[in-house]
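Worksheet: the structure to be examined is printed underneath.
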Amino acid sequence: MKKVHIFNAGPCVLPEPAIEAAIEALKDFKGTGMSVIEISHRAKEWESVMDECRSLWRELLDIPEEYEVLFLSSGASMGFLYVAMNFLEKKAAYLESGAWAKKALKEAKGLGEAYAIASSADKNFCYIPKGYEIPTDLDYFHITTNNTIYGTEIKEDMDCPVPLIADMSSDIMSRPVDVRKYAMIYGGAQKNVGPAGVSFCIVKKDLLGKVSRYIPTMLDLRTHIKGTSMFNTPPVFSIFVMNETLKWIKAQGGLKVIQENNEAKAALLYDEIDRNSLFVGTAAKEDRSIMNVCFVMAPGYEELQDEFMAFAKERKMVGIKGHRSVGGFRASIYNACPVESVKALVECMQEFEKLHK
């Protein structure tokens, strides 16, 4: 059992069974006499892990056959370039809902015409932009579904008149997703589906190969489809832990159960933030993230920030400091964060309030 309450934004808390399985695999992988980090990625024992992991993605998200599931040696930041390289021919639009959305747009601008269709920068990204229209002449429309820094989230799969592409780094596998509404879903694994070192990509195969530009071999998604995610040596350890994490999600009852658990955890913490006189949430209530709960000291109590940080640390709360660009506090309550940790944080906040009433 973990000795601390982990609220890190990423890398983050992982399921205990996945960690235990990883420890055993580091000692001896499937009875081969080798560690999982020594095994050849062409060995049948490893290929079975790749096959199982890909099958679990398909099963948990009900991914249709016309989509490919890829595991890539990169993070979502490289994904920004994958998107523009493989889909941008004439023009693309981005929903500028946070820092990562801005970075994704920057990469697209380097390759062609791309612009922000709407932005919440005017209020420091504390809400999800709404009321915009999506032109039908776009190559694609890009969204970032969850914003780890500011604590906002798009919680439904939107209808879109053009190919829809989503960076789901920090909320993939936290709820059921209608994959059929997307041309591509991608992200880093280090939130809900594994450790850092590997990214995932779910892409509709018949939409690739439409751009006229030369695409470098390693940035062409068709390369990795043809190579079954093993064109180059894959990050075997990260994929192994991903596979074990997905097995844990399945054992919990699948994504519907995971969603219910996540919503219940978030409600516990948001209710306390709204009730507690010392704290205030920073995200618009209708757009509050289920994954990353962001809050600050209430007006008049700002000087207590460092004291509360120390108070929480003494009670074994890890990772609640807000992103350096915004300050305050952030509790990342991803899938594997147990409700007991959320309750412990709530009790910590209540105890701190009593000391300063």
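Magnitude of the charge dipole for region 156-213, about its Cα centre and with charges confined to Cβ atoms of Lys, Arg (+1) and Asp, Glu (-1), is about 280 debye.
Each residue of region 225-233 was assigned a 3J(HN,Hα) from its phi angle through the Karplus expression (A = 6.51, B = -1.76, C = 1.60, θ = phi - 60°), giving 5, 4, x, 6, 6, 10, 4, 10, 4 Hz with x at Gly and Pro. Here the Karplus curve 6.51 cos²θ - 1.76 cosθ + 1.60, taken at θ = phi - 60°, turns the phi angles of region 99-116 into couplings of 5, 6, 5, 4, 5, 4, 5, 4, 5, 5, 4, x, 10, x, 7, 8, 8, 8 Hz, with x standing for Gly and Pro.
Roughly how many percent of the accessible protein surface of the chain is carbon and sulfur, given a 1.4 Å probe and a whole-percent answer?
Using a 1.4 Å probe with all protein chains present, the chain comes out at 52 percent carbon and sulfur.
Each residue of region 246-251 was assigned a 3J(HN,Hα) from its phi angle through the Karplus curve 6.51 cos²θ - 1.76 cosθ + 1.60 (θ = phi - 60°); the sequence is 5, 4, 5, 4, 4, 5 Hz, with glycine and proline shown as x. Working from Cα pairs under 8 Å separated by at least six residues, relative contact order for the chain is 23 percent.
Quote the relative contact order of region 75-178 in percent (integer), defining contacts as alpha-carbon pairs under 8 Å separated by 6+ residues. Relative contact order, region 75-178: 27 percent. Lysine pair count for region 124-213 (Cα-Cα distance under 28 Å; residues 8 or more apart in sequence or on different chains): 14. Each Lys and Arg contributes +1 and each Asp and Glu -1, all at the Cβ; summed about the Cα centre of the chain, the dipole is approximately 500 debye. Calculated from DSSP H runs of 4 or more alone, at -39500 (n - 2.57) each and per residue, what is the 222 nm mean residue ellipticity of the chain, nearest 500? Rounded to the nearest 500, the figure is -11000 deg cm²/dmol.
Determine the alpha carbon to alpha carbon distance for each of K256/K285; K123/K354; K109/K285; K316/K354 and list only those over 28 Å.
K123/K354; K109/K285
Across region 225-357, Cα pairs under 8 Å and at least six residues apart give a relative contact order of 24 percent.
Show the residues, 5+ positions off or on another chain, whose built amide H is closer than 5 Å to the amide H of K91. Residues meeting the criterion, in which the H sits 1.01 Å from N, are D139. Summed over the residues of the chain and divided among them, the accessible surface reaches 43 Å² per residue at a probe radius of 1.4 Å. Comparing M78, M317, M34 in a Gaussian network model of the chain, where Cα atoms under 10 Å apart are tied by springs, the biggest mean-square fluctuation is seen for M34. When the chain is treated as a Gaussian network with alpha carbon springs shorter than 10 Å, the biggest mean-square fluctuation among G253, G79, G188 belongs to G253. Largest mean-square fluctuation among V69, V339, V241, in a Gaussian network model of the chain whose springs join Cα atoms under 10 Å apart, belongs to V339.
The values are calculated or read from the model by the stated rules, or taken from the named source; none is laboratory data. Because the structure is a prediction, the values reported are computed rather than measured. In this analysis, Cβ positions are derived from the backbone assuming ideal geometry, glycine residues included, and neighbour counts consider all displayed protein chains. Ligands, DNA and RNA are excluded from the accessible area calculation, which covers all protein heavy atoms including side chains. Shrake-Rupley method; radii C 1.70, N 1.55, O 1.52, S 1.80 Å.
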